[in-house]
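The block underneath contains the structure these notes are about, expressed in structure tokens.
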Ligand SMILES: Cc1cc2nc3c(=O)[nH]c(=O)nc-3n(C[C@H](O)[C@H](O)[C@H](O)COP(=O)(O)OP(=O)(O)OC[C@H]3O[C@@H](n4cnc5c(N)ncnc54)[C@H](O)[C@@H]3O)c2cc1C
């Protein structure tokens with residue numbers, strides 16, 4: 001058995017999740033998961049809830065065990081971009097880049113379908129990918145061309161709307177989507193609520209010949225298979241998995257009249273991002289690059305250093321609105337910027353769908369379906385998603401840019417240790 005109780009990390013929930021009760025005291029017989037299941041999914045974010053949904057739809061007796069409550073992690077704290085465009089900036093094998101972008105496209109389509117008709121702030125207004133200078137502009141223009149090659153009607157603009165005049169130029173990608181991630185998560189989870197056990201922190205996994213013993217705070221259960229959908233926390237239960245905890249910060253200001261911002265935007269290689277949510281509030285996030293060495297680990301406190309940049313960003317956009325919330329969340333970063341989806345090498349009953357870096361809303365829903373296909377049909381996910389692409393002993397990355405392969409380590413110690 002290995003692992004530590006993630007409830008010890010403390011931290012308040014994002015403001016829009018505040019007030020959700022946390023399980024305390026002994027749970028009743030009814031609040032306990034069954035003693036034996038086909039599959040125990042650990043982690044109640046977009047990845048875990050999506051896997052649970054797929055497994056139950058395929059007829060498996062599956063449960064979801066969540067240390068706090070569904071949405072406590074990054075899914076309840078993110079900015080709600082459903083991004084596909086960034087993949088067109090990725091360097092490397094064009095076929096692989098095309099396959100990743102295609103996964104993101106299918107993810108968006110299927111997620112939108114699952115959320116259709118529900119009040120979860122879903123919109124597809126397209127998104128801006130903005131360049132801060134001529135060098136980045138060349139990258140953005142190339143990304144637009146690649147997207148067009150994949151039949152995405154992206155356009156490159158040297159003249160930008162007034163509010164974006166501080167930027168050099170930009171690409172407009174019509175497929176960009178946005179959503180209230182916590183509401184979306186709750187909507188996806190609602191039909192399967194009976195199989196979800198909040199306040200159940202898995203503290204250890206003991207694989208044996210007939211299954212896996214899953215140890216929780218008040219006893220154990222037996223599972224044929226276990227899925228780790230634990231994002232940045234995954235190495236606590238599977239220490240060999242190269243995922244690093246990286247902090248991201250956001251502020252929300254407003255409300256402002258609808259249409260104050262035309263569509264979501266990201267700039268400076270994704271280091272800055274902002275959008276106006278359906279309730280009128282403007283979210284501004286990013287600027288991790290201004291404090292890279294601080295923005296690692298599991299801390300959930302926003303910092304003055306990053307929040308000052310978010311404030312300045314609001315002013316540069318010409319928005320004078322009160323800041324109503326500031327928060328932080330923990331992302332799980334991998335060495336190549338892609339998630340790990342598949343069976344853990346040498347541990348045939350333990351699977352992972354984690355490490356979504358800065359873009360889980362854009363990939364996790366469909367990645368979960370790929371993982372479920374592995375469990376139910378024995379069909380492995382594409383090689384570029386499988387955990388074994390990282391040889392044993394691969395170090396987790398250090399503070400990194402969204403969606404990009406990692407630069408060499410910049411600090412003597414690995415984050416999260
Ligand atoms: C500030 C910020 C902004 C972001 N903006 C965007 C964005 O705009 N668009 C986008 O696509 N992505 C964004 N992301 C990234 C995105 O939020 C994540 O990629 C995604 O939510 C990951 O989902 P997940 O289900 O893998 O993990 P999480 O949502 O983190 O869920 C993991 C869950 O596992 C639980 N857990 C951990 N250990 C245990 C255990 N031992 N036992 C039981 N439960 C456990 C945790 O409590 C947690 O609820 C952002 C992230 C942050 C922090």
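Things to note:
- Flag for residue 119 being part of a loop (DSSP other than H, G, I, E, B) and at pLDDT 95 or above: yes
- Scope region 198-214; condition out of contact with any helix residue (DSSP H, G or I) (no Cβ under 8 Å at 6 or more places or on another chain), at pLDDT 95 or above and within 11 Å of the ligand (Cβ to nearest atom); matching residues: 214
- Within region 82-105, being more than 15 Å from the ligand (Cβ to nearest atom) and closer than 15 Å to residue 361 by Cα holds for one residue alone: 102.
- Boolean, residue 288 is in contact (Cβ under 8 Å) with a residue 40 or more places away in the chain, crowded, with 24+ Cβ neighbours inside 10 Å and within 18 Å of residue 83 (Cβ to Cβ): yes
- The one condition in (1) within 13 Å of the ligand (Cβ to nearest atom); (2) within 30 Å of residue 207 (Cβ to Cβ); (3) buried (at least 24 other Cβ atoms within 10 Å of the Cβ) that residue 359 fails to fulfil: (2)
- Residue in region 253-267 that is buried (at least 17 other Cβ atoms within 10 Å of the Cβ), at positive phi and in contact with a helix residue (DSSP H, G or I) (Cβ under 6 Å, 6 or more places away or on another chain) present: no
- Under the condition of being crowded, with 19+ Cβ neighbours inside 10 Å and either over 26 Å from the mean Cα position of the chain (by Cα) or without any contact (Cβ under 8 Å) to a residue 12 or more places away in the chain (or both), the residues counted in region 114-140 number 1.
- Region 271-293: number of residues that are within 29 Å of residue 236 (Cα to Cα), assigned to a loop (DSSP other than H, G, I, E, B) and either in contact with a strand residue (DSSP E or B) (Cβ under 8 Å, 6 or more places away or on another chain) or modelled with pLDDT of 95 or more (or both): 2
- Among residues of region 52-74 that are more than 15 Å from residue 374 (Cα to Cα) and more than 12 Å from the ligand (Cβ to nearest atom), those with a beta-carbon under 9 Å from a residue that is at pLDDT 95 or above and part of a loop (DSSP other than H, G, I, E, B) at least six positions away or on a different chain give the pairs 61/34.
- Filter pass, residue 79 being more than 28 Å from residue 386 (Cβ to Cβ) and more than 15 Å from the ligand (Cβ to nearest atom): no
- Within region 313-367, strands (runs of 3 or more DSSP E) holding 1 or more residues that are more than 23 Å from the chain's Cα centre (by Cα): 323-333, 347-354
- Yes/no for residue 191 being under 30 Å from residue 344 (Cα atoms) and surrounded by 15 or more Cβ atoms within 10 Å (Cβ to Cβ): no
- Residue in region 64-75 that is assigned to a helix (DSSP H, G or I) and out of contact with any strand residue (DSSP E or B) (no Cβ under 8 Å at 6 or more places or on another chain) present: yes
- Of the candidates 164, 182, 172, the single residue that is within 16 Å of the ligand (Cβ to nearest atom) and in contact (Cβ under 8 Å) with a residue 40 or more places away in the chain is 182.
The values are calculated or read from the model by the stated rules, or taken from the named source; none is laboratory data. This is a predicted model, so every value here is computed, not measured. A quick note on method: Cβ atoms are made from the backbone with ideal geometry, for glycine too, and the neighbour counts reach across all protein chains shown.
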